[in-house]
Structures are given as structure tokens and as C-alpha cells.
1. Would you work out which of Tyr151, Ala41, Ala12 lies farthest towards the positive end of the dipole of the chain? Charges go on Cβ: Lys and Arg +1, Asp and Glu -1.
2. When you take every Cα atom in region 68-112, what is the radius of gyration, and what is Dmax, the widest Cα pair distance, in Å?
3. For a quick check: with amide H placed at 1.01 Å from N, whose amide H comes under 5 Å from Val110's, ignoring anything fewer than 5 positions away on the same chain?
4. Just how far, in whole angstrom, is region 29-78 from region 116-157 if you go by their alpha carbon centroids?
5. Let me know the charge dipole size of the chain about its Cα centre in debye, to the nearest 20, where only the beta-carbon of Lys, Arg (+1) and Asp, Glu (-1) is charged.
6. Using the Kirkwood radius built from alpha carbon pairs, what does the Stokes-Einstein equation give as D for the chain at 25 °C and 0.890 mPa s, in µm² per second?
7. What percentage of the solvent-accessible surface of the chain, computed with a 1.4 Å probe over protein heavy atoms, is contributed by carbon and sulfur atoms?
8. Name the shape class, rounded, prolate or oblate, that the alpha-carbon gyration tensor gives for region 24-121, where a ≥ b ≥ c are the square roots of its eigenvalues, rounded holds for a/c under 1.5, and otherwise prolate holds if a/b is larger than b/c and oblate otherwise.
Amino acid sequence: MTSDFTEITATAIRDNPFQAIGKDWMLITAGPLGDCNSMTASWGAWGELWNRPVAVCFVRPQRHTFGYMERAEQYTLSFFGPAYRQTLEYLGTHSGRDGDKVAAAGLSPVATPSAAVTFAEARLVLECRKLYAGDLLRDAFVDTGVRDEMYAAGDYHRMYVGEVVRAWTR
Ligand SMILES: Cc1cc2nc3c(=O)[nH]c(=O)nc-3n(C[C@H](O)[C@H](O)[C@H](O)COP(=O)(O)O)c2cc1C
């Protein structure tokens, strides 16, 4: 990590997750330096589970990031200031399958202590250790209206629950 990041405990995170994830968006990044991929996400949460601080994110199987998430033991959730809105828009509308979109977006990858990757430009980083990965299930939806609205194509998200092992702000 670069020296301008300050490590904090998960309980010291002051961001509101509804705003930070849902409105400002985050980057999910999986894979080591030189072989990683990032995508924008606006669905997710953080809180307490299994006596640990956790963050939850959701990745559809057709994302290039999906394979990286499957192979990764650690991954990061990175949050940025308003100046990076267009960068997140770009990374959420282009696929790493078609080229090095992170380089095209102008972000500077940096390795975290557990060899995951985040970016020097991030203002908040959660380094996560994968605890649980499982697909949302068609028959588990209580509100089938939500299911039919969100999953008409049958491409159910895989849910990843990660332990927040380290966090940094700037
Ligand atoms: C604002 C925004 C939020 C998004 N949230 C998610 C999400 O939570 N889960 C998901 O699977 N895709 C989400 N996407 C779509 C991916 O970011 C998009 O398909 C991206 O191009 C995938 O890149 P990749 O193929 O390199 O993995 C979102 C896109 C945008 C623009």
C-alpha cells in the first residue's frame, strides 16, 4: 500500500454503505498485481456476520471479474471520490475481456498485504478474505416479482461474503 493510506479497523469506517455502495459505487478487484480485473458494483453491503466484520458483494456469472473472484482467496472493495465517477462508469460498462480497461481508465494498481490489488486513487479500501460464495437461488426468492424483474435472463448473481481483514482510508 502507498504511504498516504491509513489503516483503520472496520468499526472505524464512517461511510454510510447505502451512499458509498449504492449511490457512489465501488470497484471489486480480484487477482494479483499483473493478473487482476476490476468491475464497478453498486449492490452490496457491510456489517457483522459469523462474529466477524464482513462485506457482501454480488457478481453475475457473465462478468470477466467472475473467474477472478472464483480463483481469488482475497479481493478488494475500493471506493473513490466524486472526481472518479466517470472512471467507475467506464469500468462498469467495459469488460476486461476486451483489453486492459484499468490501464485505459488511468488508475494506478497497488498491492495490499495479502497480495490483492487496489488503487492509489481510492479513498477507502476494504481488503476481504472470501468466506462464502454461493449463487442466489431461483426458488429461494420470497418476492418473485423482484426475481422476475432482476433475473429474467436467469443469470443469478453469485454472492460473496468476505471477512474485512484490513481497511484503509486517506
Ligand atoms: C453503476 C454500476 C453498478 C454495477 N453493479 C454491478 C453489480 O453489483 N454486480 C454485477 O455483477 N455487475 C454490476 N455492474 C456491471 C459490471 O460492472 C459490468 O458488466 C462490467 O463491464 C463488468 O466488467 P468485466 O467484464 O471486466 O468483469 C454494474 C455496472 C454499473 C455501471
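1. Checked the options; the winner is Ala12.
2. Gyration radius and largest Cα-Cα distance of region 68-112: 11.6, 31 Å.
3. Correct list: Thr118, Phe119, Ala120.
4. 9 Å
5. Dipole size: approximately 140 debye.
6. So the translational diffusion coefficient is about 151 µm²/s.
7. Of all accessible area on the chain, carbon and sulfur atoms account for 51 percent.
8. Rounded is the answer for region 24-121, as its axis ratio a/c remains below 1.5.
The values are calculated or read from the model by the stated rules, or taken from the named source; none is laboratory data. Quick caveat, the model's predicted, so the values are computed rather than measured. Cβ atoms come from the backbone with ideal geometry, glycine included; neighbour counts cover every protein chain shown. To get the accessible areas, we keep the full protein, side chains included, count just its heavy atoms, and leave off ligands, DNA and RNA. Shrake-Rupley method; radii C 1.70, N 1.55, O 1.52, S 1.80 Å.
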